[in-house]
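The values are calculated or read from the model by the stated rules, or taken from the named source; none is laboratory data. Note that the coordinates shown come from a computational prediction; the quantities given were computed from them, not determined experimentally. We place every Cβ from the backbone using ideal geometry, glycine too, and count neighbours over all the protein chains shown. Each accessible area value is taken on the protein alone, full model and side chains, heavy atoms only, with ligands, DNA and RNA left out. Shrake-Rupley method; radii C 1.70, N 1.55, O 1.52, S 1.80 Å.
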Amino acid sequence: MSALLHHPGYEEERLRRLSEQLPCRELQAGMLLSLMGQPHQYSYPSVFIYGHRSSGKSHVMQVLLKELELPHATVSCVECVSVALLFEQVLLSFFGGDAASLLPRSPSLSDFVRVYRQQCSQSPAKQTRYIVMEKAELLRDADANLLPALLRLQELVEDNVTVILLTEIVWDRFRPNTGCFEPLLLHFPDYSKGELQQILSRDKHPSYSAEFYSSYINILLGVFYSVCRDLRELRHLAALNFSKFCEPLAEGKVKETDTHKLWRNMEPHLKKAMQTVYLREVSSLQWEQMQQMEEKENGAMRGLSAHTHVELPYYSKFLLIAAYLASYNPARTDKRFFLKHHGKIKKTNFLKKNEKTSNHLLGPKPFPLDRLLAIFYSVVDSRVAPTASIFSQISSLVTLQLLTKVSHDDQLDSPKYKCAVSMDFIRAISRTVNFEIVNYLYDFL
Amino acid sequence: MSKRKITKTNVPVGECISQVQEMLRERLCHQRLPDRPEGVEAQHKHLLELLKRTAVHGESNSVLIVGPRGAGKTMLLRCVLRDLLEEKEAQKSLLQVHLNGLLQTDDRIALKEITRQLHLENVVEDKVFGSFAENLCFLLEALKKGDRSSSRPVLFVLDEFDLFAHHKNQTLLYNLLDISQSAQAPIAVVGITCRLDVLELLEKRVKSRFSHRQIHLLSNPTFTEYLDRVRTQLSLPDDFPDDKFALDWNASIETLCEDKSVEDVLQRHFNSSKDFRSMHMLLMLCLSRVSVAKPAIKPADLLEASRLCLADANANMLHGLSILELCLIIAMKHLNDVYEGDPFNLQMVHNEFKKFLQRKSNSMYNFEQPVILKAFEHLQQLELIRPVDSSSAKTQREYQLMRLMLDHSQIMEALQKYPQCPTDVKQWAMSAFG
Ligand SMILES: Nc1ncnc2c1ncn2[C@@H]1O[C@H](COP(=O)(O)OP(=O)(O)OP(=O)(O)O)[C@@H](O)[C@H]1O
Ligand SMILES: [Mg+2]
């Protein structure tokens with residue numbers, strides 16, 4: 001049951017329509033409505049609304065401003081690559097195209113405020129004007145004065161205007177060093193599991209019953225809720241996988257009410273979806289195609305991974321192995337691994353137990369070229385002369401981003417490298433050349 | 001008082017509430033000037049005297065108004081101007097130029113704005129000037145023309161004064177202060193700033209031309225005074241359309257301020273900030289809850305408003321994380337404990353998480369590394385974790401060093417409030433070491 005919104009400034013009918021569009025956000029909408037007050041009354045100069053992705057921030061604002069027909073300008077900071085666009089959009093929405101064209105070529109804040117003041121002295125606000133800034137965190141990357149100026153725009157233009165910032169970052173990470181006009185902070189809490197269920201179930205498919213769709217959503221949330229609470233993403237996943245859910249029904253194997261069977265059929269499929277569509281490893285289209293293929297090939301589906309398809313020349317593989325060893329082994333252990341007659345190095349000295357963390361947790365360390373070559377010659381079985389081809393192979397490994405060059409401007413002549421592949425990848429490579437890499441890794445001794 | 005013999009009554013309650021909202025919102029949201037600036041009478045008198053000397057007697061001057069954010073600097077100046085312009089003579093002769101460091105970000109823009117505000121665009125037209133000083137002098141000279149032999153006094157207000165000190169060579173500041181000191185033309189320069197160290201930003205030649213007059217707004221009210229302010233900010237004036245309603249309203253505000261729980265809440269706010277602006281925000285949240293159905297501010301409203309003001313935003317955001325993301329945060333907390341706050345990377349966090357899964361978890365299962373990476377990236381996007389150096393674009397994502405931007409108490413608080421947090425996860429977070 002939705003608690004109806006009340007406000008003396010607006011008709012009951014309008015408010016009812018409004019709350020119908022805002023399931024599970026009545027509280028926030030009501031709060032905003034009471035802050036906004038009646039259209040002609042002043043509202044707080046700037047309001048900062050924060051909350052997780054898809055928690056309804058923009059939706060609630062848009063529905064409120066549109067349904068109540070309040071003067072407003074919505075600006076997405078992603079789309080406004082220059083402040084000029086931002087200024088234009090605000091002037092356009094409030095005063096029309098002629099006003100926007102009064103701005104000079106690359107307008108300063110001073111120009112914007114000047115034009116705004118001129119315009120609003122001709123047409124003073126009869127109702128509070130609202131400027132909604134989407135993805136407001138990007139304002140921090142703009143000119144340093146922009147954010148503080150927007151926060152006190154009401155004072156600067158002397159108009160009945162309120163600026164609303166929407167973002168998923170907390171206010172503390174916005175505040176400039178010398179302070180600013182502090183906005184009123186409002187939080188949009190995340191949807192609970194029940195609320196997600198309620199909202200998602202509204203998208204029911206016309207040819208199936210509401211209960212059926214709702215039980216589908218229930219299964220979907222069972223799989224994805226622990227990793228993802230983003231309504232938009234869940235809605236997308238729901239739309240993509242629904243046909244699969246309906247399959248046994250269409251084949252006449254299961255009845256609509258047999259939720260347990262439906263669940264058994266669906267769960268593994270959704271788990272697979274988590275490894276793929278959810279991670280954007282495959283596009284939605286590819287996923288749909290894969291689902292169809294799967295029917296044909298009887299469930300032989302492999303995950304896609306770009307790395308497994310790279311074919312490397314023989315010596316490049318050894319170069320990469322050497323690079324991996326150089327990145328993950330401490331240099332002082334090279335003797336032990338790669339010198340044929342290393343004499344007696346006591347194992348106890350060799351293994352420093354107080355080293356806190358394994359190298360595989362810290363990531364690859366940079367190494368110089370000569371160390372790479374030394375290891376390379378010792379692991380590759382047949383003798384190879386240091387020809388130019390070795391160097392060109394190194395640079396193509398860099399191009400493939402399997403190796404990265406660590407640039408230090410001061411030592412241009414002795415470049416350092418890092419190996420940029422995972423353990424699984426290097427093991428696969430090693431297997432193709434019959435090299436037991438684990439025996440040569442310090443971490444696995 | 002005599003005018004108000006006829007009592008105005010019988011205005012419908014809906015209309016009254018509407019009036020209350022309108023009047024109080026002007027105070028709380030629109031910086032409506034008070035009739036008399038409370039608590040800064042001395043500063044008001046001082047500034048009024050100074051500006052009068054410029055406006056009426058044509059003396060030049062410079063002064064800085066210094067005080068923290070929201071202390072009432074702008075309000076003080078506007079009050080003084082309002083009172084100054086009540087004098088016929090000042091009103092006739094004084095010209096005003098209002099600049100703001102946020103808007104006029106360099107001296108070229110500032111000069112354009114000065115020209116515009118003095119209505120001299122036509123006089124300047126396309127003239128070319130050799131220097132900034134020449135241009136400014138030309139402007140002031142142009143004001144002399146007409147029937148007067150002497151210049152009209154000009155008041156220059158520079159809000160966010162410290163930002164003008166960042167302009168190249170401080171040319172504008174130098175020239176304005178130079179004119180004010182050498183009395184070439186009668187001008188008063190009023191700077192407004194929240195930086196107490198503002199003089200140190202000025203170049204020597206600029207500083208030496210400044211009068212060194214400063215008006216400080218460091219009002220430090222007692223709690224009783226603070227309480228009085230709350231009362232006056234919420235009270236209705238004598239000319240409210242409905243006498244009876246206004247009386248009742250004001251009485252209810254009295255009662256409100258005497259309530260013990262209200263006093264506690266206000267004390268807490270008083271201890272963290274005493275300025276008008278943050279008080280206005282608190283009171284605005286209360287006012288917004290007034291409606292026909294509830295035509296008064298109740299203690300509960302103040303409690304709720306205070307709860308909103310004091311809410312911990314980080315804890316609010318943690319509440320909305322997925323259980324996987326929360327687990328990663330806990331793993332980071334453990335890493336912070338073990339390595340005394342050294343930065344960490346995803347690989348280490350994942351490893352820590354795996355240790356927990358191996359030990360006992362039955363509420364969670366292990367996710368593939370890419371799923372974990374996605375969760376990790378989400379945390380970074382929310383700026384709950386931050387890369388140690390941004391230049392490491394070449395490092396593989398799972399090895400990039402990060403720092404947690406939360407402290408332990410925030411994590412613990414979030415954990416308590418987290419909906420349906422599995423007990424083993426909770427216990428894991430509580431245990432000193434992973
Ligand atoms: N003595 C006072 N009596 C009544 N209201 C006051 C008083 N002082 C400040 N206010 C109110 O407090 C609010 C903040 O004041 P003001 O904008 O002048 O601060 P400021 O010092 O200019 O801050 P900033 O440095 O951010 O510009 C205004 O709404 C103002 O009307
Ligand atoms: Mg100010």
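Points worth noting:
- For the stretch A:195-224, the set of residues classified as open to solvent by 30 Å² or more (accessible area, probe 1.4 Å), within 14 Å of chain B (Cβ to nearest Cβ) and over 17 Å from A:Leu22 (Cα atoms) consists of A:Gly222 only.
- Qualifying residue in the stretch B:309-318 (condition: surrounded by 15 or more Cβ atoms within 10 Å (Cβ to Cβ) and closer than 18 Å to A:Gly30 by Cβ): no
- Filtered by the rule that a residue be buried (at least 18 other Cβ atoms within 10 Å of the Cβ) and in contact (Cβ under 8 Å) with a residue 60 or more places away in the chain, the stretch B:24-38 gives B:Leu24, B:Arg25, B:Arg27, B:Leu28, B:Cys29.
- Subset of the stretch B:51-86 (residues that are assigned to a loop (DSSP other than H, G, I, E, B) and within 13 Å of ligand 2 (Cβ to nearest atom)): B:Gly67, B:Pro68, B:Arg69, B:Gly70, B:Ala71, B:Gly72
- Answer residue from the stretch A:124-146, given it is more than 19 Å from A:Met61 (Cβ to Cβ) and in a helix (DSSP H, G or I) and is most open to solvent (accessible area, probe 1.4 Å) among those: A:Asp141
- Verdict on A:Phe174 being under 19 Å from A:Ser76 (Cβ atoms), aromatic (Phe, Trp, Tyr) and within 16 Å of ligand 1 (Cβ to nearest atom): yes
- Selection over the stretch B:91-118 of residues that are facing chain A (nearest Cβ under 7 Å) and open to solvent by 50 Å² or more (accessible area, probe 1.4 Å) gives a count of 1.
- Restricting A:Ser106, A:Ser110, A:Ser121 to those that are over 23 Å from the mean Cα position of the chain (by Cα), in a loop (DSSP other than H, G, I, E, B) and either hydroxyl-bearing (Ser, Thr, Tyr) or not assigned by TED's automatic domain parsing to the domain that holds A:Phe48 (or both) reduces the list to A:Ser106.
- For the stretch B:62-78, the count of residues that are open to solvent by less than 60 Å² (accessible area, probe 1.4 Å) and away from ligand 1 (no atom under 14 Å from the Cβ) is at least one.
- Count of the stretch A:225-267 residues, restricted to those that are open to solvent by 30 Å² or more (accessible area, probe 1.4 Å), within 14 Å of chain B (Cβ to nearest Cβ) and not in a loop (DSSP other than H, G, I, E, B), is 2.
- Each residue in the stretch A:160-178 was checked for being facing chain B (nearest Cβ under 10 Å) and within 17 Å of B:Gln31 (Cβ to Cβ), and 2 pass.
- Residue in the stretch B:372-395 that is open to solvent by less than 10 Å² (accessible area, probe 1.4 Å), at pLDDT 90 or above and away from every other protein chain (no Cβ under 12 Å) present: yes
- Subset tally (residues that are outside any helix (DSSP H, G or I) and free of Cβ contacts under 8 Å to residues at least 40 places away in the same chain) for the stretch B:304-318: 1
Conditions (1) touching a Leu at 6+ places or on another chain (Cβ under 7 Å); (2) hydrophobic (A, V, I, L, M, F, W, C); (3) within 13 Å of B:Val97 (Cβ to Cβ); (4) at pLDDT 85 or above, marked per residue:
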position: B:Thr115; (1), (2), (3), (4): yes, no, yes, yes
position: B:His119; (1), (2), (3), (4): no, no, yes, yes
position: B:Ser150; (1), (2), (3), (4): no, no, no, no
position: B:Leu158; (1), (2), (3), (4): yes, yes, yes, yes
position: B:Asp162; (1), (2), (3), (4): yes, no, no, yes
position: B:Leu177; (1), (2), (3), (4): no, yes, no, yes
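- The criterion of at least 1 residues that are surrounded by 20 or more Cβ atoms within 10 Å (Cβ to Cβ) and small (Gly, Ala, Ser) is met by the following helices (runs of 4 or more DSSP H) wholly inside the stretch B:131-204: B:171-182.
- Scope the stretch B:308-339; condition more than 11 Å from chain A (Cβ to nearest Cβ) and out of contact with any Leu (no Cβ under 9 Å at 6 or more places or on another chain); matching residues: B:Ala331, B:His334, B:Asp337
Residues are listed down the side, and each one gets a yes or a no for (1) touching a residue at least 12 places away in the same chain (Cβ under 8 Å); (2) more than 16 Å from ligand 2 (Cβ to nearest atom); (3) not acidic (Asp, Glu):
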site	(1), (2), (3)
A:Lys126	yes, yes, yes
A:Lys135	yes, yes, yes
A:Arg140	yes, yes, yes
A:Asp143	yes, yes, no
A:Val157	yes, no, yes
A:Val163	yes, yes, yes
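- A residue that is open to solvent by 10 Å² or more (accessible area, probe 1.4 Å) and either of a type in the set (D, E, K, R) or outside the structural domain of A:Leu153 (by TED's automatic domain parsing) (or both) cannot be found anywhere in the stretch A:27-49.
- Taking the stretch B:319-427 and the helices (runs of 4 or more DSSP H) fully enclosed by it, the elements with 2 or more residues that are free of Cβ contacts under 8 Å to residues at least 12 places away in the same chain are at B:346-359, B:369-381, B:408-417.
- Screening A:Arg229, A:Arg175 for residues that are out of contact with any Lys or Arg (no Cβ under 8 Å at 6 or more places or on another chain) and in the same structural domain as A:Leu22 (by TED's automatic domain parsing) leaves exactly one candidate, A:Arg175.
- Remark: pairs (first residue in the stretch A:52-65, within 14 Å of chain B (Cβ to nearest Cβ) and within 16 Å of A:Ile199 (Cα to Cα); second residue buried (at least 22 other Cβ atoms within 10 Å of the Cβ) and of a type in the set (Val, Ile, Thr); Cβ separation under 6 Å; 6+ apart in sequence or on different chains) = A:Lys57/A:Ile49.
- Total residues in the stretch A:165-183, condition more than 13 Å from ligand 2 (Cβ to nearest atom) and either part of a loop (DSSP other than H, G, I, E, B) or in contact (Cβ under 8 Å) with a residue 60 or more places away in the chain (or both): 12
- Filter result (at the interface with chain A (Cβ under 10 Å from one of its Cβ atoms) and either part of a helix (DSSP H, G or I) or within 16 Å of ligand 1 (Cβ to nearest atom) (or both)) within the stretch B:287-303: B:Leu287
- Residues of the stretch A:1-23 classified as within 14 Å of another protein chain (Cβ to nearest Cβ) and open to solvent by less than 20 Å² (accessible area, probe 1.4 Å), total: 2
- Here B:Phe353 meets the list (1) open to solvent by 40 Å² or more (accessible area, probe 1.4 Å); (2) more than 10 Å from chain A (Cβ to nearest Cβ) almost entirely, failing just condition (1).
- Count of residues meeting criterion [part of a helix (DSSP H, G or I), within 16 Å of ligand 2 (Cβ to nearest atom) and more than 14 Å from chain A (Cβ to nearest Cβ)] in the stretch B:12-43: 1
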